[in-house]
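Just below is one structure, and these are the notes that go with it.
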Amino acid sequence: MASGSEPWSSGVAEEDALIGETTDVELLKRAWRNEKAAPEILQFQAALVLRAREQIQLLEGTVEEFVGNGVDDLAVSLYQMDLDRTQFLLRSYLRLRLQKIEKYMIHISKTNLWNRLSEQEQNFAKRCTDIMEKHLEQSVLSRLPFGYQSILKQSISSEEDDMVPEPQLDTFVFCKTRGDVGAFQLDDTGDEMVDLVADDLYVLRYKSIKGLVENGQIDLV
Amino acid sequence: MYGRRASQLLGELAAAETGQLTVYNSDTFDQVIKECNEHNVQLQSLFRKMEEQNLDIQTTRNEDYFGAVIHHLSLARNKRCLMAYMYNRAETIQSLRWKIGKKLPQEIQEKLSFSEGEYFKNHSAAIDSYMSELDLDLTVDMIPPKDPYIQIRVLDDIGEVSLGDLEISLTRHSVHFLRRTDAEQFISQGLMEEFLG
């Protein structure tokens, strides 16, 4: 099923090297698992989603052809099962992202997390935010006294936006290293160091390994 | 006591099971809004009083100033509670689109305020337009598939249906063995259920 010829959008050299070794379904599974476990939204895997959709179409064609040609039912059902699984992965991946957008839409739209969304997701986030703002505006904010009507701030005297739900980045996640990372600093002060060896399981704060997840050195499980 | 009603609202949220909606409590909600406006009236009148005495609001720390602070903080707290109430309900309402579908049953609609009803419709439309941009239905395949075929029980008379190359009569209470992809659309409409017996 692997087709590694398309350009890889995130452009990380390490990912490129790994593409030859593993199939798109594996990659999709990994993207899905990371997305599922990460508290914040991750980079949209544009090229991977595109390839997965092409392969689903191809597979659908194959299954139909098999049914038409009277190929053995068992073989057909195996292909069908493969197809179902890939479709579930793809749908669930996209769904997880939408649900994160639903949850943190305002936070996402005012930080650089915005660039991690696909074009369609950005449209969705924009619409969602408008709808949510309208709803809160007409049911709460417009009925409050002047100075307390902002959706972002508690009152006019707040200096920062203190009413925006944000993902909890210091939550703990289970993660698995893909290669040797070596001695890794867990906090800013450098008090806590951990030696991350290849293929080992860890439970760490998401915040401290965020960078490793983003560049693909560690997988969430 | 200031702020008690607002915490009652949140108490209702907390008491409800996750994912379940309680009836929109417009009485308490309106009362809290009223409380907010009363706080504001008090707040403004204290400020006016200080201005009349030619005191600088930024630096003066007398009883009027601290009174005003209490009104301000109570107001801000009430706002937080009101927003939390609305926002958490809105989150539950969002999740209904995924769990139930586009059309909400009567008993749930009755629990929503007017604005919430609108919100559900608009939010639902936003999901639909995302799915049509992608040309992919995301509301099926909610659970990971185990087997391409499942056993289902028909809950309502559906009649003759052609599924692929096979004509099948789906009468009420009958049990069939179908392709999961075929059955899913009926299950999401509530016409069938997975038969695990």
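The values are calculated or read from the model by the stated rules, or taken from the named source; none is laboratory data. Not measured: the values here are computed from a predicted model. Please note: Cβ atoms are built from the backbone with ideal geometry, for glycine as well, and neighbour counts cover all protein chains shown. Only protein heavy atoms, including side chains, enter the accessible area calculation; ligands, DNA and RNA are left aside. Shrake-Rupley method; radii C 1.70, N 1.55, O 1.52, S 1.80 Å.
Only residues that are open to solvent by 40 Å² or more (accessible area, probe 1.4 Å) and over 30 Å from A:L152 (Cα atoms) were counted across the range A:208-221, and they come to 3. Just one of the listed residues (B:I100, B:I127, B:I93, B:I108) is within 21 Å of the chain's Cα centre (by Cα), at pLDDT below 85 and assigned by TED's automatic domain parsing to the domain that holds B:L10, and it is B:I100. State whether one or more residues within the range A:64-74 are touching a residue at least 12 places away in the same chain (Cβ under 8 Å), in a helix (DSSP H, G or I) and within 12 Å of another protein chain (Cβ to nearest Cβ). Within the range A:64-74, none of the residues are touching a residue at least 12 places away in the same chain (Cβ under 8 Å), in a helix (DSSP H, G or I) and within 12 Å of another protein chain (Cβ to nearest Cβ).
Checking the stated criteria, B:R5 turns out not to satisfy the condition of being out of contact with any helix residue (DSSP H, G or I) (no Cβ under 9 Å at 6 or more places or on another chain) and open to solvent by 50 Å² or more (accessible area, probe 1.4 Å). Of the strands (runs of 3 or more DSSP E) lying entirely inside the range B:96-197, those containing at least 3 residues that are farther than 19 Å from A:R91 by Cα and either open to solvent by less than 80 Å² (accessible area, probe 1.4 Å) or of a type outside the set (D, E) (or both) span B:149-154, B:159-163, B:166-170, B:175-179.
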